[in-house]
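Worksheet for the structure shown next.
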Amino acid sequence: MPPLLLELAPLAAPTALERLQSRATGLDPAEVEARRARFGPNQVAHEQHEALPMQLVRRLLNPLNVLLLGLAGVSVAMRDHEAAAMIVAMVFLSVTLALVQERRSSAAAGRLRAMVRTTAMVLRPARAAAGESPPGPPVELPIDRLVPGDIVHLSAGDMIPADLRLIAAKDLFVNQAPLTGESLPVEKQAEPSTPAAPEIAALANVCFMGTTVVSGSATGVIALTGERAYFGGVAHVVAAARAPSSFDKGVDRFAWLMIRFILVMAPLVFVINGLTKGDWVEALLFATAVAVGLTPEMLPMIVTVNLAKGAIAMSRRKVIVKRLNAIQDFGAMDVLCTDKTGTLTQDRVILERHVDLFGHDSDEVLLDAYLNSAYQSGLRNLLDVAVLERGDAEALAARTRGSRKIDEVPFDFERRRMSVAVDLNGQHRLICKGAVEEVFAVSAWGRAGGETVPLDASHRDLLMQTVEALNAEGFRVVAVATKELPPEQQVCGVADERDLTLMGYVAFLDPPKESAARAIAELAAHGIEVKVLTGDNDVVTRKICREVGLGVTRTVVGSEFEAAAPDERAALVREAQVFAKLTPMQKAAVIETLQAQGHVVGFLGDGINDGPALKAADVGISVDSAVDIAKESADIILLEKSLQALDQGVIEGRKVFGNVVKYIRMGASSNFGNMFSVIGASAWLPFLPMAPVQVLTNNLLYDFSQTAIPTDNVDEEYLAKPRRWEIGNIGRYMLFIGPISSLFDYATYFTMYYLFGARTPGQAALFQTGWFVESLLSQTLIIHVIRTRRLAFVESRASVPLMLTGLAACAVGIWLPYSPFRQALGFRHLPSGYWPLLAAMLAAYLVLTHLMKTWFHRRFGLD
């Protein structure tokens, strides 16, 4: 625990300000700049960018590159300087390519993350002056610009921007789970307190960076920023990475599959060649080269570039990716849970009605609602804005001129109401506004037609008819109740919210969004089911859903879901499309129940109550205008709250997954086929089927041809449904497609051995050259067949960059036997009769692979 926080806790607020060399009006600009220069930006757990030399060293120390450099050292020891130079050149090219791609990807991801900023309300003086300066209005600043001594205002939904000492607080409850793991919020107060122990829980007047305000409001002075804050000291613990996604696990499983494959293959090739050729050094070089050739060393680069490319494409559609791997989860998503406000509706709330208990227009109800919205200091939502921005708002303001606020009881999601106490012309009144059921629960009286009558069960049933009629018309209804307070009462609390007089209702309309119906249809066409999770009324929600074309066969309210047993909950989430009147934890529970049934769940939310659900979802989605806690919890941020933007993001996610799988399918099937080819040739031939340096050259050219896979097109039918990682399908693909390449490798062996007489060690170079060219061209061209379910080159064409890199690799492979490098690489000129036979074999290979691929997809039902 930082000593400064323990020192500040027992001090009175003025003394704490003096200790931090601050004042209640805030710091002037000169002081801010001086402190920023001294303490640095307010950042913690910030991703450190490696310097270029360190990145280069890290790449060179990759086990694969160490292996290659070791092989180069062996070549030097054997005085094969040409091979050593070739291997070093390969390492240089490989490292340079990966380094350039990684830096581009990191820069792109950084630019995207910078588009989303978390801010704080900071008090700064209106002008710099000696002594006390008049306070200016709070200004909204990015949290990285805050310095020790700054005065910040906090309200519900705010993230605590730094370690701070409270100097004023009202019903403040803070969620400290990121630091303590405690799920329940804790109350904070501004009064001095002597901590019993140097623990977070003991500091009742200190708020910690990274925690969030659940309810209430406060003002505090910043004590510690950046790495000096408590959160900064434990950021490596609390900023732990998420559990690996199915995509991460799938990539890792494939990598380990290949490693196990190599651990069996390389020793076997070494032993076979050593025994049959008698040259154990050469056998070792060849086995090592084969191991390198079998390694999918381009996989990390392919994955990273694919994800970065997807993130950039999504940013053009106003979708910002905070966590790159969330792009693939986006593509795998098959259930989208969302609130209705702003997604199904226009997010343009209008106050349409203000009525008494029997549905008659009431100016008295409107005035009470106006006072409540005007004086509440917590998070001002769209309903408050609608009240304050009415056409007659100026007249209402004139009627309330001379009133003053006495106190308030902030909103929270358990009570679902908030109250303000005002002095209106000498009369002290508590005005409560909130969800109908919750306001009913604390009301003992009802007022209509100038009369106040007691409320009993029969009255409640009658009065609910007015609410239900408004709900049926699509209105969101908020109840308004009041209570006279003693003139001497200056402080109010939750206990004062009882024996209220129910005055009436204000009814709001949030019209359906015109694009929502089309967006829901597009999501359904792409295999995504939409479910609405809201704290709002179920009747209103059902009406909105019907208007936007979302079929509702079952609605579940929060109390019903809470009371259900686990197996009953599973049935509810399977059958229902609308979940209404949910608490924040109930939203998260609905998502977790869906996940337990094997669904990949996305959640779109922007409110304080959406934080738990955003964390629980496989893909947390929020909007740039959301409260801090929602933006911090989300993986993806929408600059425009639109389901259509989400659908476009889903498509990008599926493109990323599709292109990564292309590389993996190609690598797995090619390597499996090469196993049969290399083992058979090693046992049969009196010489190596390909020289070690040739194996490495082949591998380098093939890898180069695959670098453009992230740019490739993906067939529409592949994008039409959610995509998940299935290692079993990749294994089957490898078993069925891989051996086909071996058939044509053996055809090449027999062609070179029998037709062109390459049977003795003296003719080894001719044999090796023939197989080198066939092997390179076949595995480079076959990607065009594997990349699509359709007929390659006719019904589906690769992207131009992928075609160009493939053609370039093939051209270099054909040129090398005639190039100045042929002797260094051990190549020979190929006879003219080789080329038509090669063309025939390649054509047959492409046709046979297409037929097998088509059968495979039909047999195993793959798209």
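Beta carbons closer than 8 Å, at least 6 apart along the sequence or on distinct chains, pair a first residue in region 343-369 that is without any contact (Cβ under 8 Å) to a residue 40 or more places away in the chain with a second that is part of a helix (DSSP H, G or I) and open to solvent by less than 30 Å² (accessible area, probe 1.4 Å) for Leu367/Leu396.
Could you check, for region 485-497, whether at least one of its residues is surrounded by 13 or more Cβ atoms within 10 Å (Cβ to Cβ), within 47 Å of the chain's Cα centre (by Cα), within 21 Å of Arg353 (Cβ to Cβ) and not polar (S, T, N, Q)? No, region 485-497 contains no residue that is surrounded by 13 or more Cβ atoms within 10 Å (Cβ to Cβ), within 47 Å of the chain's Cα centre (by Cα), within 21 Å of Arg353 (Cβ to Cβ) and not polar (S, T, N, Q).
Just to be sure, is Gly813 within 14 Å of Phe767 (Cα to Cα) and in contact (Cβ under 8 Å) with a residue 40 or more places away in the chain? Answer is no for this residue. Here Val453 qualifies as of a type outside the set (D, E, K, R), touching a Gly at 6+ places or on another chain (Cβ under 7 Å), farther than 23 Å from Thr541 by Cα and not in a helix (DSSP H, G or I). Screening Met503 with (1) closer than 21 Å to Gly602 by Cα; (2) among the hydrophobic types (A, V, I, L, M, F, W, C); (3) touching an Asp or Glu at 6+ places or on another chain (Cβ under 9 Å) gives one miss only, at (1).
Restricting the search to helices (runs of 4 or more DSSP H) fully inside region 289-386 and requiring at least 2 residues that are small (Gly, Ala, Ser), in contact with a helix residue (DSSP H, G or I) (Cβ under 6 Å, 6 or more places away or on another chain) and open to solvent by less than 20 Å² (accessible area, probe 1.4 Å) gives 299-316, 363-375. Residues of region 686-700 that are among the β-branched types (Val, Ile, Thr) and open to solvent by 10 Å² or more (accessible area, probe 1.4 Å): Val693, Val695. Scan region 585-622 for residues that are at pLDDT below 80 and either over 16 Å from Ala645 (Cβ atoms) or open to solvent by less than 10 Å² (accessible area, probe 1.4 Å) (or both) and jot them down. Passing the criteria: Gly607, Ile608, Asn609, Asp610, Gly611.
Number of residues in region 565-576 that are surrounded by 16 or more Cβ atoms within 10 Å (Cβ to Cβ) and either of a type in the set (A, V, I, L, M, F, W, C) or in contact with an Asp or Glu (Cβ under 8 Å, 6 or more places away or on another chain) (or both): the value is 3. Condition first: of a type outside the set (A, V, I, L, M, F, W, C) and either surrounded by fewer than 15 Cβ atoms within 10 Å (Cβ to Cβ) or not in a helix (DSSP H, G or I) (or both). Now tell me which residues in region 701-728 satisfy that. Passing the criteria: Thr707, Asp712, Asn713, Asp715, Glu716, Glu717, Lys721, Pro722, Arg723, Arg724, Glu726, Gly728.
Screening region 520-584 for strands (runs of 3 or more DSSP E) wholly inside it with 1 or more residues that are among the polar types (S, T, N, Q) returns the ranges 555-557. In this structure, does Thr225 turn out to be under 28 Å from the mean Cα position of the chain (by Cα), β-branched (Val, Ile, Thr) and modelled with pLDDT of 85 or more? Considered against the rule, which asks whether it is under 28 Å from the mean Cα position of the chain (by Cα), β-branched (Val, Ile, Thr) and modelled with pLDDT of 85 or more, Thr225 comes out as yes. From the list Asp703, Asp712, Asp745, the lone residue that is within 30 Å of the chain's Cα centre (by Cα), touching a residue at least 40 places away in the same chain (Cβ under 8 Å) and under 18 Å from Gly293 (Cβ atoms) is Asp703. Listed by first and then second residue, the pairs with beta-carbon distance under 7 Å, at least 6 apart or on different chains, first residue in region 169-191 and at pLDDT 65 or above, second acidic (Asp, Glu) and open to solvent by 60 Å² or more (accessible area, probe 1.4 Å), are Leu172/Glu187; Phe173/Glu187; Gln176/Glu182.
The set of residues from region 645-663 being open to solvent by 10 Å² or more (accessible area, probe 1.4 Å) and of a type in the set (S, T, N, Q) comprises just one member, Gln648.
Within region 833-863, being aromatic (Phe, Trp, Tyr) and open to solvent by less than 30 Å² (accessible area, probe 1.4 Å) holds for Tyr834, Tyr845, Phe856.
So, in region 387-418, how many residues would count as being open to solvent by less than 40 Å² (accessible area, probe 1.4 Å) and part of a loop (DSSP other than H, G, I, E, B)? So the count comes out to 5.
The number of residues in region 461-479 that are open to solvent by 70 Å² or more (accessible area, probe 1.4 Å) and more than 23 Å from Pro511 (Cα to Cα) comes to 2. Assess whether Val264 counts as being open to solvent by 40 Å² or more (accessible area, probe 1.4 Å), free of Cβ contacts under 8 Å to residues at least 40 places away in the same chain, hydrophobic (A, V, I, L, M, F, W, C) and more than 28 Å from Ala613 (Cβ to Cβ). The answer is yes for Val264. For the criterion of being under 26 Å from Asp252 (Cβ atoms) and among the charged types (D, E, K, R), Asp703 passes. Residue count for region 807-858 satisfying the condition of being assigned to a helix (DSSP H, G or I), more than 17 Å from Phe793 (Cα to Cα) and of a type in the set (Gly, Ala, Ser): 6.
From the residues in region 435-460 that are in contact with a helix residue (DSSP H, G or I) (Cβ under 7 Å, 6 or more places away or on another chain) and open to solvent by less than 30 Å² (accessible area, probe 1.4 Å), which one is nearest to Ile544 (Cα to Cα)? So the residue we want is Val436.
The values are calculated or read from the model by the stated rules, or taken from the named source; none is laboratory data. Since the structure is predicted, the reported quantities are computational estimates derived from the model, not experimental observations. Cβ atoms come from the backbone with ideal geometry, glycine included; neighbour counts cover every protein chain shown. Protein only, heavy atoms only, side chains kept; ligands, DNA and RNA dropped before computing areas. Shrake-Rupley method; radii C 1.70, N 1.55, O 1.52, S 1.80 Å.
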